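Okay, so here's the structure we're looking at.
Coordinate-derived values only; no laboratory data. All values reported here derive from a predicted model rather than from experimental measurement. Don't worry about glycine lacking a Cβ; one is built from the backbone with ideal geometry, like all the others, and counts go over all protein chains shown.
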Amino acid sequence: MRTTRIGIIIVLAIVMAGCATFQEKWNGLSDQERARVIVGGVQKQLTDLFAAGKAYVAANPDKQDDWKNKVIPAFDTANKAVATYIVMIGQGQATSEGAVKTLFPLLKSVIALMGAMGLDTATINGIVGGAS
């Protein structure tokens with residue numbers, strides 16, 4: 001969970017680049033705007049994790065069953081939740097707190113499954129933590 005939070009914080013910091021301070025900019029956002037930033041960050045992390053997973057499975061074909069039967073369904077669930085939040089944001093119904101409570105556990109589940117599949121922790125941390 002800590003890694004996921006760090007990743008989201010880094011994404012938020014990048015989005016808010018050029019501001020007097022991150023906190024001032026964040027405080028100036030409406031809750032809908034905060035939800036949009038959170039959802040965008042999670043969506044980006046899912047995209048990057050999926051690409052890393054595909055590359056890992058290509059290099060480790062013996063992991064194909066885990067990828068297809070466990071990891072891809074977790075991605076599908078997370079991506080559907082992201083899509084739902086995108087619609088909710090458009091309708092003015094999303095909250096930043098709701099986005100965090102809904103999306104972070106799904107992202108954490110994807111990360112755990114990828115780790116269990118054998119994807120290197122440093123690679124995962126590099127994606128969700130913003131480190132290279």
- Quote to one decimal, in nm, the extra length available between Q91 and A112 on full extension: 0.36 nm per residue of separation minus the C-alpha distance between them. 4.4 nm
- Around A81: net Lys/Arg minus Asp/Glu count, Cβ-Cβ under 13 Å: +2
- Taking a point 7 angstrom from the Cα of D62 along the C-beta vector, which residues in the range 94-132 have backbone N less than 13 Å away? 118
- Everything considered on the Cα gyration tensor (a ≥ b ≥ c; rounded for a/c under 1.5, else prolate if a/b is larger than b/c, else oblate), the range 64-132 must be described as oblate
- Starting from the Cα of K25, step 7 Å along the direction of its Cβ; do the same at D48; then give the gap between the two resulting points in nm. 1.7
- Query: How would you order 107-114, 30-37 from highest to lowest mean count of nearby Cβ atoms within 10 Å?
  - Reply: 107-114, 30-37
- Message: Just to be sure I understand the model, the point goes 7 Å from the Cα along the line to the Cβ. What's the resulting T84 to K70 distance in nm?
- Response: 2.4
